[in-house]
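Below: the structure, in structure tokens.
The values are calculated or read from the model by the stated rules, or taken from the named source; none is laboratory data. Small disclaimer: the values here were computed from a predicted structure and weren't measured. For neighbour counting, all protein chains shown are included, and Cβ atoms are generated from backbone atoms with ideal geometry for every residue, glycine included. When the accessible area is computed, the model is the full protein with side chains, heavy atoms only, and any ligands, DNA or RNA have been set aside. Shrake-Rupley method; radii C 1.70, N 1.55, O 1.52, S 1.80 Å.
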Amino acid sequence: MNYKDIVKKEEIIYLLSLKGKPLRRLYCLADKIREDHVGNEVHLRAIIEFSNFCRKNCLYCGLRRENKILKRYRMSPQEIIQTAFKVIKLGYQTIVLQSGEDPGYPREDIVNIIREIKGYGAAVTLSLGERTKEDYFLFKEAGADRYLLKHEAACPDLFKRIKPDSSQEKRLRCLIWLKELGYEVGAGNIVGFPGQTLEDIAEDIIFMKNMDIDMAGIGPLIPHNETPFAGMKTIDPDLVLKTLAITRLILNDINLPATTAMDTLMKNGREEALKVGANVLMLDVTPAEYKRYYDIYPRKGTMELEEAKKLISKLGRVPGKGKGDRRVKGKNIV
Ligand code: SAH
Ligand code: SF4
């Protein structure tokens, strides 16, 4: 089987249905392709979740505006910059700034935060949801390198169901603006929505391939008690691992995080993800006083830097030495 030729929906659906020995072969192949295309480095990113205010009402997420029992917070620019400075000194080379869609956080503050962090020499990834093209332009001008805006679900009907107050057209337009502005762009889907089919997941992978995205944030749905998905059963972990493996098979050299949600879904979930194609770990460095209120989904513990390094070396891999860009100058430019 030549993995380079697998881009047909039916073939992806077939791979998503594998079990037993053929499935183990798929995992091995994905790991080999990861090694061939992005090597043995695991890039460590520090994520600061700086505001949990959100104007949206996504069905799956604990930050949705209808969750009235959640205590809301905003970190001040000073707190964000200090946190970033502290962790850059520890060796992190990428700071990810994430929040709900918070119109109350002044754009000028975000611009200044990006400038300050860039002044310390780290790369900046933003994950602030849907914004205007002008916002994205100003953030890029301030030095932001990457933007993570998961497409969540490529299937239009599914998207409408899980993000009732968003327009898929608008979200996709945002992704195109981000690409035009020269960001490294991350998309990604959630695996495990009620009613989601293997065909839907195959469409997610094809969407990311066609968009030529630079990173893919793929993770399981973790049901949250203060959402309409409360009490739902979690998805079969193998389906998420298969989605990661096939994404690596088809998108070869992208950055693929082993997401935190994997550890909530299954024992050693992030480790399992790193074995089937993932090459990035995002560690939560949000100050403890705020961390527990960034309650997008119930989490199981957090991973500290030393623990991450131990895991990386246990797998025979090494922590990333550079910033871990996908589009290194002169390489991969399409
Ligand atoms: N507000 C921004 C970024 C913060 S949310 C945005 O929506 O783009 C970051 C990611 O958390 C989302 O993209 C979504 O995929 C994920 N997420 C939210 N709730 C989740 C849940 N219950 N289970 C798994 N992932 C979830
Ligand atoms: Fe808000 Fe993002 Fe959660 Fe949707 S997924 S409710 S936009 S924080």
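Figure legend. Inter-residue proximity from the range 137-165: first residues among the β-branched types (Val, Ile, Thr), second residues away from ligand 2 (no atom under 16 Å from the Cβ) and in a loop (DSSP other than H, G, I, E, B), beta-carbon distance below 7 Å, spacing 6+ or different chains. No pairs are indicated. Exactly one residue out of ILE250, ILE254 is away from ligand 2 (no atom under 16 Å from the Cβ) and in contact with a Ser or Thr (Cβ under 8 Å, 6 or more places away or on another chain), and it is ILE254.
Restricting the search to the range 39-75, which residues are among the β-branched types (Val, Ile, Thr) and away from ligand 2 (no atom under 14 Å from the Cβ)? Across the range 39-75, the qualifying residues are VAL42, ILE48, ILE69. Any chance the range 293-306 includes a residue that's open to solvent by 40 Å² or more (accessible area, probe 1.4 Å), modelled with pLDDT of 95 or more, within 29 Å of ALA154 (Cβ to Cβ) and more than 16 Å from ligand 2 (Cβ to nearest atom)? No, the conditions are met nowhere in the range 293-306. Checking ARG55, ARG25 one by one, the residue that is open to solvent by 30 Å² or more (accessible area, probe 1.4 Å) and in contact with an Asp or Glu (Cβ under 6 Å, 6 or more places away or on another chain) is ARG55 and no other. The single condition from (1) closer than 17 Å to GLN98 by Cα; (2) in a helix (DSSP H, G or I); (3) touching a helix residue (DSSP H, G or I) at 6+ places or on another chain (Cβ under 7 Å) that CYS174 fails is (3). Of GLU108, GLU66, all but one fail to be open to solvent by 60 Å² or more (accessible area, probe 1.4 Å), of a type in the set (Asp, Glu) and in a helix (DSSP H, G or I); the exception is GLU108. Scanning for something open to solvent by 20 Å² or more (accessible area, probe 1.4 Å), under 29 Å from SER17 (Cβ atoms) and either more than 14 Å from ligand 1 (Cβ to nearest atom) or among the aliphatic types (A, V, I, L, M) (or both), does the range 180-193 turn up at least one residue? Checked against the condition, which is being open to solvent by 20 Å² or more (accessible area, probe 1.4 Å), under 29 Å from SER17 (Cβ atoms) and either more than 14 Å from ligand 1 (Cβ to nearest atom) or among the aliphatic types (A, V, I, L, M) (or both), the range 180-193 yields no hits at all.
Summed over the range 185-241, the residues that are more than 16 Å from ligand 2 (Cβ to nearest atom), of a type in the set (Gly, Ala, Ser) and touching a residue at least 24 places away in the same chain (Cβ under 8 Å) give a count of 3.
Taking the range 153-194 as the range and being at positive phi and in contact with a strand residue (DSSP E or B) (Cβ under 6 Å, 6 or more places away or on another chain) as the test, the residues that pass are GLY188, GLY192.
In summary, ILE235 fulfils each of the numbered conditions (1) open to solvent by 10 Å² or more (accessible area, probe 1.4 Å); (2) closer than 22 Å to LEU172 by Cβ; (3) within 15 Å of ligand 1 (Cβ to nearest atom) with the single exception of condition (2).
Consider the range 112-161 and keep the residues that are within 16 Å of ligand 2 (Cβ to nearest atom) and among the β-branched types (Val, Ile, Thr). The one that is farthest from VAL185 (Cα to Cα) is THR132.
Contact list please: Cβ distance under 9 Å, first residue in the range 61-72 and of a type in the set (Val, Ile, Thr), second residue within 13 Å of ligand 1 (Cβ to nearest atom), pairs at least six apart or on different chains. Note: pairs meeting the criteria are ILE69/GLU226. Taking residues in the range 102-131 that are under 22 Å from CYS174 (Cβ atoms), and partners anywhere that are away from ligand 2 (no atom under 16 Å from the Cβ) and of a type in the set (S, T, N, Q), the pairs with Cβ atoms closer than 9 Å and at least 6 places apart or on different chains are ASP109/SER76; ALA123/GLN93; ALA123/THR94; VAL124/THR94; THR125/THR94.
If only residues of the range 125-174 that are within 26 Å of THR197 (Cα to Cα) and hydroxyl-bearing (Ser, Thr, Tyr) are counted, the one that is surrounded by the most Cβ atoms within 10 Å (Cβ to Cβ) is SER166. Return a yes/no flag: does the range 25-32 have any residue that is under 22 Å from LEU148 (Cβ atoms) and either of a type in the set (A, V, I, L, M, F, W, C) or modelled with pLDDT of 95 or more (or both). The answer is yes; a qualifying residue exists.
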